[in-house]
Amino acid sequence: MIKVWNSGAYLVDGRTLIADGPEALKQVEAVSGTETTKDEAAAGTMAYDILQKHNTSGDPGKLKIKFDSLTSHDITFVGIIQTARASGLEEFPVPYVLTNCHNSLCAVGGTINEDDHMFGLSCAKRYGGIYVPPHQAVIHQYARENQAGCGKMILGSDSHTRYGALGTMAIGEGGPELVKQLLNKTYDVNMPGVVAVYLTGSLQKGVGPQDVALAIIGEVFASGYVNNKVMEFVGEGVKNLSMDTRIGIDVMTTETTCLSSIWETDNKTEEFLEIHSRKQDYRKLSPAKVAYYDGVVEVDLSAIKPMIAMPFHPSNTYTIEDVNAHLTDVLADVEQRAKVSLGDKVSFTLQDKIKNGRLYVEQGVVAGCAGGGFENLCDVADILNGQSIGADEFSLSVYPASQPIFMELIKNGSIAKIMATGATVRTAFCGPCFGAGDVPANNGLSIRHSTRNFPNREGSKITSGQIASVALMDARSIAATAINKGYLTPATDIDVDFSKPKYFFDKSIYENRVYDGVGKPDKSVEIKFGPNIKDWPPMVALTEDLLLRVVSEIHDPVTTTDELIPSGETSSYRSNPLGLAEFTLSRKDPEYVGRAKAIRQVEEARRKGECPMCADISVGEAFKVIKKQFPELSAKETGIGTTIYAVKPGDGSAREQAASCQKVLGGWANIAREYATKRYRSNLINWGMLPFLFPDEELPFKNLDYIFIPDIRTAVKEKKNEIPAYVVKDDALLPFTLGLGDMTDDERQIILDGCLINYYRH
């Protein structure tokens, strides 16, 4: 099904792979008739070509990227624009789309979500942007329909910003990276590695894009094979996939932790753009005659079977066939893995889902940027046609990804087929993806064609004893399960004729409702501020010396951004930095906020000129020990803050709040064995937090210990990577060394200034 190479490879004429090795270049010359070098071949990828055309640095290894357009949704754009305004924003320099697909529903008992929407509309008018009202389109579908084009680059503040199937290199990042673009600055990154995803064969009937995506994720996530690299989809199999299938695979590449993705383009790409009245955005993309890749993932599409990603990660994959054949063993394995994250905080079992010897699920959802596409829902309608989902616990809901898709599904009769079964149809809304829509009952199991199934994303509140589970599946197998009244069924077991109706895009829906102010900023427009929209609190520059208290210690193999700052009900507070910060680590370590606030009070006293040694007994005791070895140290001039330790933090969402919430609570650093994604590490840096590395498994410190880091400001200035530090323990200082990793000059200055806002003010 999937083969992951243990070496790089040359691709000749887009079709012949030659493994890297001592004789590789000779073989390449024999096959291609072209003499080349590895460096020349590395410049032959589509990714290299697009990146260099957007690179402003003049150095092909050190990229400074300017994007063609930006996109955000309503739980990120308020903070981004507020940061940009504080940093001197005058107008949007590139098209910036503000969609409203996350906080689409009103916050119970309040106006704050709609206040954010009105803020967005007023900013689109004032600064010259595009505003897509709630229920019109999910962020990524609107971008596919209106922004993406061959050879373009798009930056989005949502981690699933992926439009590679349309020839667009798109990257999901934290909000501060969009702020840089809004201020005419650049996205700085080393030239990433490029991995070929080499497709052959054709999909079996009933197998869909989510099946392919999950099969790939299951093979590459744990090893980090494509971490922070570009996945480049090539090979004969590309032409055998519809555009909707390519798009559905592409959006899920985020779950591999890759940086971005790009696909070969062809007549199907051209047709998609033509349908959306943008044929001028098409051009043929393919690798050069000889292209070198840092790795290869071979995918035989004909061997892909219906897949399921069991709770609680998209990489926890099995074939549905294997789950049904070895049900008890699989569920026991899933339960054991879950204990790593859940511990003893909640009673979790899936064994009670076995009914009549089969796995029974209570809910099915097909939604959002991954599941709500036209072809997916047409196939769902064909499977459901004339059937019933039953009157028991099982329910099914579908969410078309945009109003144009919804309208075409109504016109061709698919919506009627779906609704007649007892399933419900909703508007374009991302809620099921992050726990704000279709939340299962306690102990419920939901199967979803959406993007993630982390703990907490489906509405669980583990610290309150509430737990629900999500398994990811393709829309077709969800529909097959639905007509079997909730019993897990692969779509390949269903006898169905897929009608594959043609798609017709009606742009009048957007013309009648979407505000397009690109190139027309109006400074006379007053920005509308609801009472929940707050400015960022003041942040100070990095001091010469730091005293940090460890206030949370997490030893899970991976810590997601959902665990750092929960999604779901917290989303309404993302326009309020201090209000949102109250939820930091709330479902992982409920003691964190109180501990962090206690240290923040000491730092606030220091900034007022008061004696920090007098403000907190434990801080005073720590300074007494430190001053034995560093007698000249001034407590009033030493920054006092907090840090967390996590093995591998930052998998998942691009949300900057995973870092900024720690910052506004007094966080000055993270310590990790490694960072799961570039975007989380970038978020830390942009909020003035030191991204420390400590690679050893055995830690010299533990939770609630104090760590003293002398001369840290000088170390950052002088670009030192090894940072001397001391644990205050047993009336002594125990030395150890922290790493900082590579940082650009700008990133170092952001750390020194205290955050990105301060950096631009200076």
With Cα coordinates, the longest principal axis of the chain makes an angle with the long axis of helix 617-629, in degrees rounded to 10, of 70 degrees
Check: C-alpha center the stretch 718-762 vs C-alpha center the stretch 250-314, spacing in Å is 39 Å
Per its Cα gyration tensor (rounded if a/c is under 1.5, else prolate when a/b beats b/c, else oblate), the stretch 546-761 is best filed as rounded
Extension length gain for C611 and N240 (0.36 nm per residue less Cα distance), in nm, is 126.6 nm
Expected vector for the stretch 692-706, Karplus 3J(HN,Hα) from phi with 6.51, -1.76, 1.60 and θ = phi - 60°, integer Hz, x for Gly and Pro, equals 5, 10, 9, x, 6, 6, 7, 8, x, 10, 9, 4, 6, 5, 9
With -39,500 (n - 2.57) per DSSP H segment of 4 or more residues and division by the full residue count of the chain, the 222 nm estimate, nearest 500 deg cm²/dmol, is -9000 deg cm²/dmol
Going fewest to most other Cβ atoms within 10 Å around each Cβ, T714, T253 line up as T714, T253
Rounded to the nearest 10 degrees, the helix 112-127 long axis (Cα) sits at an angle to the longest Cα principal axis of the chain of 90 degrees
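Pairs K597/K678; K229/K648; K26/K289; K411/K502; K624/K720; K205/K284: which exceed 20 Å Cα-Cα?
From the list (K597/K678; K229/K648; K26/K289; K411/K502; K624/K720; K205/K284), the Cα-Cα distance tops 20 Å for K597/K678; K624/K720; K205/K284.
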Phi angles of the stretch 523-538, converted by Karplus (6.51 cos²θ - 1.76 cosθ + 1.60, θ = phi - 60°) into ³J(HN,Hα) in whole Hz with x for Gly and Pro, give 6, 7, 6, 7, 6, 8, 10, x, x, 8, 7, 10, 6, 5, x, x
The aspartates and glutamates whose Cα lies under 19 Å from the Cα of K485, excluding any fewer than 8 residues away in the same chain, are E321, D352, E362, D379, D382, D392, E393, D438, D474, D493, D495
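Could you grab the relative contact order for the chain? Cα pairs under 8 Å, six or more apart, rounded to a whole percent.
14 percent
Pick out, in residue order, every one of the GluC sites (Glu not before Pro) in the stretch 626-726 that is DSSP loop and has at most 13 other C-beta atoms within 10 Å; say none if there are none.
On the way: sites: E632, E637, E656, E674, E697, E698, E718, E722; in loops: E632, E656, E674, E697, E698, E718.
When the GluC sites (Glu not before Pro) of the stretch 626-726 are filtered for loop state and at most 13 Cβ neighbours within 10 Å, E632, E697, E698, E718 remain.
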Note, M689: beta-carbon cut-off 12 Å, +1 each Lys/Arg, -1 each Asp/Glu, net 0
Relative contact order of the stretch 92-251 (C-alpha contacts under 8 Å, at least 6 apart) in percent is 19 percent
The stretch 626-704 and the stretch 371-385 have their Cα centres apart by a whole-number Å value of 46 Å
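In whole percent, what relative contact order does the stretch 415-461 give with Cα contacts below 8 Å and a gap of six or more residues?
Across the stretch 415-461, relative contact order equals 35 percent.
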Which residues qualify? For L396, with a placed amide H closer than 5 Å and at least 5 residues away or on another chain, they are G364, T424
Output for the stretch 1-79: trypsin sites (Lys or Arg not before Pro) sitting in coil per DSSP, at most 16 other Cβ within 10 Å, listed by number, reads R15
To the nearest 0.05, the calculated FRET efficiency linking R761 and D329 through their beta-carbon distance, R0 being 51 Å, is 0.30
Karplus ³J(HN,Hα) for the stretch 174-185 (6.51 cos²θ - 1.76 cosθ + 1.60, θ = phi - 60°; Hz, whole; x = Gly/Pro) runs x, x, x, 5, 6, 4, 4, 5, 5, 9, 6, 9
Computed for the stretch 67-185: size of charge dipole around the Cα centre, +1 on C-beta of each Lys and Arg, -1 on C-beta of each Asp and Glu, debye to nearest 20, value 240 debye
So, with points 7 Å from each Cα along the Cβ direction, the K485-D522 label distance in nm works out to 5.8 nm
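Computed from the coordinates by the stated procedures, all read-outs in this text should not be read as laboratory data. Please read these numbers as outputs of a predicted model, since none were measured by experiment. Don't worry about glycine lacking a Cβ; one is built from the backbone with ideal geometry, like all the others, and counts go over all protein chains shown.
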